[in-house]
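A.B. asks: Dropping a structure here in structure tokens format, bear with me for questions.
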Amino acid sequence: MRLFLLPISTRRTLVYCDRVATQVNASGKLSYHDRIVNKANETWASWENSPNKYKKKLTDYGNVIFNRISYEEWGLKTLPSSTADLTPTEILFPGRFLDQKKVPDILRKLATERQGLHKQRFWGSLIGLPFTIPVGLLPVIPNIPGLYLGFRAWSHFKALYGSKYLEALINSKEPLITMSPSKALDDLYAAGLIHPSREHSRQASLPSENESQQVADLITRQTNNNASDVMLLKRWNGKLLAEQFNLPGMELEIERAVEQVQKNIDAESAALDEKEKNNTTIVKHTLSDEKK
């Protein structure tokens, strides 16, 4: 099994699990859970392309809601459940942009910090489900609130047990984790920071080791000794990374994470600017009062 640690910014990291080989059972067939998930994905995709306006509008609204779900939750859902057998796992990450010494702490944080949240919201969604039954009794109209709460209950359940699996993997007495700094990831991260678009990046040659290191050093300086959070990926990077590792599902997860992290950084920056503006105003008023 491969586990990707993809730093979206210098402070925020996406976890993505490639577990194709673990999805089949002893008979060589997909597990019952994965068959259900695949069927749901196929149905949703068919609805997105359906000529039926109602189905199309429903999936449009659904995708808006999906994009509001935190990228951390989506990442944890790619992991197996804690009831699955622990397997040797390769941890891939861009070594120039993520210090290997920090990887164990990042893994532990990803595994533990959201368990309480997902447990609480799983039960909250489950408790709310019976209250949507009257809507389901109405003719023609589907039980949208019930479908939403059912999905959120399942989503929080998957994220909770994905985090428990990761925690069990970290705490395993057997050495199951192998750290693998990836040159391919380093190259793609550096190229994404050098070039303005996906097209430019495709046409250009890969950065040299010296160029990649220069980009990494520049990012380190921009953080001002970790005082600032700096973006490491752009939205268009997602497709290139997904293509490199032949993981189509990775593209959407990266794009979603980049959008959310960029929005958070912009909000934090705006709040800091507003605070500095207010402080300046207070100082001016204080000096004015003293002169009087």
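The values are calculated or read from the model by the stated rules, or taken from the named source; none is laboratory data. What you see is a predicted model, and the numbers here were worked out from it, not measured in a lab. Cβ placement follows ideal geometry from the backbone for every residue including glycine, while neighbour counts extend to all protein chains displayed.
A.B. asks: Considering only region 130-163, state which residues are among the small types (Gly, Ala, Ser), closer than 21 Å to LEU58 by Cα and either touching a residue at least 60 places away in the same chain (Cβ under 8 Å) or touching a Cys at 6+ places or on another chain (Cβ under 6 Å) (or both).
C.D. replies: Let us first name the residues in region 130-163 that are among the small types (Gly, Ala, Ser), namely 136, 146, 150, 153, 155, 159, 162-163.
Narrowing further to those that are closer than 21 Å to LEU58 by Cα: 136, 146, 150, 153, 155.
Hit for region 130-163 is SER155, nothing else.
A.B. asks: Pairs only if they're at least six apart or on different chains, beta carbon under 9 angstrom, first in region 48-71 and under 19 Å from VAL258 (Cβ atoms), second assigned to a loop (DSSP other than H, G, I, E, B); list them, first residue then second.
C.D. replies: Final answer for the pair search is SER70/ARG114; TYR71/ILE8; TYR71/ARG12.
A.B. asks: Within region 200-211, can one find any residue that is assigned to a loop (DSSP other than H, G, I, E, B), within 24 Å of VAL15 (Cα to Cα) and among the hydrophobic types (A, V, I, L, M, F, W, C)? Walk me through how you get there before you give the answer.
C.D. replies: Taking region 200-211 and keeping what is assigned to a loop (DSSP other than H, G, I, E, B), we get 204-208.
After this cut, where a residue has to be within 24 Å of VAL15 (Cα to Cα) as well, the list is none.
Checked region 200-211: no residue is assigned to a loop (DSSP other than H, G, I, E, B), within 24 Å of VAL15 (Cα to Cα) and among the hydrophobic types (A, V, I, L, M, F, W, C).
A.B. asks: If you go through region 50-102 one residue at a time, how many are outside any helix (DSSP H, G or I) and of a type in the set (Lys, Arg)?
C.D. replies: First, the residues of region 50-102 that are outside any helix (DSSP H, G or I): 50-52, 69-70, 78-99.
So of that shortlist, the ones also of a type in the set (Lys, Arg) come out as 96.
Adding up the residues that qualify gives 1.
A.B. asks: Please pick out the residue among LEU233, LEU272, LEU247 that is touching a helix residue (DSSP H, G or I) at 6+ places or on another chain (Cβ under 7 Å) and either modelled with pLDDT under 90 or within 30 Å of PHE66 (Cα to Cα) (or both).
C.D. replies: Just a single option satisfies the conditions, and that option is LEU233.
A.B. asks: Quick one: count up the residues across region 152-176 that are modelled with pLDDT under 90 and farther than 20 Å from CYS17 by Cβ.
C.D. replies: 1
A.B. asks: Would you mention how many residues in region 133-152 are assigned to a loop (DSSP other than H, G, I, E, B) and touching a Ser or Thr at 6+ places or on another chain (Cβ under 7 Å)? Step through it out loud before you land on a result.
C.D. replies: Applying the first criterion (assigned to a loop (DSSP other than H, G, I, E, B)) to region 133-152 yields 137-143.
Subsequent filtering for residues that are touching a Ser or Thr at 6+ places or on another chain (Cβ under 7 Å) retains 143.
Number of matching residues: 1.
A.B. asks: Just one of SER155, SER125 is touching a helix residue (DSSP H, G or I) at 6+ places or on another chain (Cβ under 7 Å), assigned to a helix (DSSP H, G or I), among the polar types (S, T, N, Q) and more than 30 Å from SER180 (Cα to Cα); which is it? Break it down into steps so the answer makes sense when it comes.
C.D. replies: On the way: SER155 fails: more than 30 Å from SER180 (Cα to Cα).
Of the residues listed, the single one that is touching a helix residue (DSSP H, G or I) at 6+ places or on another chain (Cβ under 7 Å), assigned to a helix (DSSP H, G or I), among the polar types (S, T, N, Q) and more than 30 Å from SER180 (Cα to Cα) is SER125.
A.B. asks: From ASP217, ASP229, ASP186, which residue is touching a Gly at 6+ places or on another chain (Cβ under 8 Å) and either in a helix (DSSP H, G or I) or at negative phi (or both)?
C.D. replies: Numbers: ASP217 fails: touching a Gly at 6+ places or on another chain (Cβ under 8 Å); ASP229 fails: touching a Gly at 6+ places or on another chain (Cβ under 8 Å).
Within the list ASP217, ASP229, ASP186, the selection yields ASP186.
A.B. asks: Next up: Test ALA184 against the stated conditions and say whether it is over 19 Å from the mean Cα position of the chain (by Cα), within 22 Å of ILE8 (Cβ to Cβ) and surrounded by fewer than 19 Cβ atoms within 10 Å (Cβ to Cβ). Explain how you work it out, then say what you get.
C.D. replies: Values: over 19 Å from the mean Cα position of the chain (by Cα): yes; within 22 Å of ILE8 (Cβ to Cβ): yes; surrounded by fewer than 19 Cβ atoms within 10 Å (Cβ to Cβ): yes.
Yes: the conditions hold for ALA184.
A.B. asks: Can you tell me which residue among LYS234, LYS173 is under 21 Å from the mean Cα position of the chain (by Cα) and part of a loop (DSSP other than H, G, I, E, B)?
C.D. replies: Values: LYS173 fails: under 21 Å from the mean Cα position of the chain (by Cα).
Criteria check complete, one pass: LYS234.
Residue by residue, here is whether (1) under 25 Å from LYS109 (Cα atoms); (2) in contact with a Leu (Cβ under 6 Å, 6 or more places away or on another chain); (3) among the aromatic types (Phe, Trp, Tyr) holds:
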| position | (1), (2), (3) |
| --- | --- |
| SER172 | yes, yes, no |
| ALA191 | no, no, no |
| HIS195 | no, no, no |
| HIS200 | no, no, no |
| GLN203 | no, no, no |
| GLN222 | yes, no, no |
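A.B. asks: With respect to ILE254, determine if the residue is more than 19 Å from the chain's Cα centre (by Cα) and in a helix (DSSP H, G or I). Let's see the steps before the verdict.
C.D. replies: Details: more than 19 Å from the chain's Cα centre (by Cα): no; in a helix (DSSP H, G or I): yes.
No, not satisfied.
A.B. asks: Quick one: would you say SER172 is hydroxyl-bearing (Ser, Thr, Tyr) and either surrounded by 15 or more Cβ atoms within 10 Å (Cβ to Cβ) or closer than 23 Å to GLY238 by Cα (or both)? Please lay out each step first, then the result.
C.D. replies: Numbers: hydroxyl-bearing (Ser, Thr, Tyr): yes; either surrounded by 15 or more Cβ atoms within 10 Å (Cβ to Cβ) or closer than 23 Å to GLY238 by Cα (or both): no.
When the stated conditions are applied, SER172 does not pass them.
A.B. asks: (1) polar (S, T, N, Q); (2) more than 23 Å from the chain's Cα centre (by Cα); (3) closer than 17 Å to PRO94 by Cβ: which one isn't true of ASN224, the others all being true?
C.D. replies: Of (1) polar (S, T, N, Q); (2) more than 23 Å from the chain's Cα centre (by Cα); (3) closer than 17 Å to PRO94 by Cβ, only one is false for ASN224: (3).
A.B. asks: Does region 60-74 contain at least one residue that is surrounded by 12 or more Cβ atoms within 10 Å (Cβ to Cβ), modelled with pLDDT of 80 or more, in contact with a His (Cβ under 8 Å, 6 or more places away or on another chain) and within 22 Å of GLY162 (Cβ to Cβ)?
C.D. replies: The answer is yes; a qualifying residue exists.
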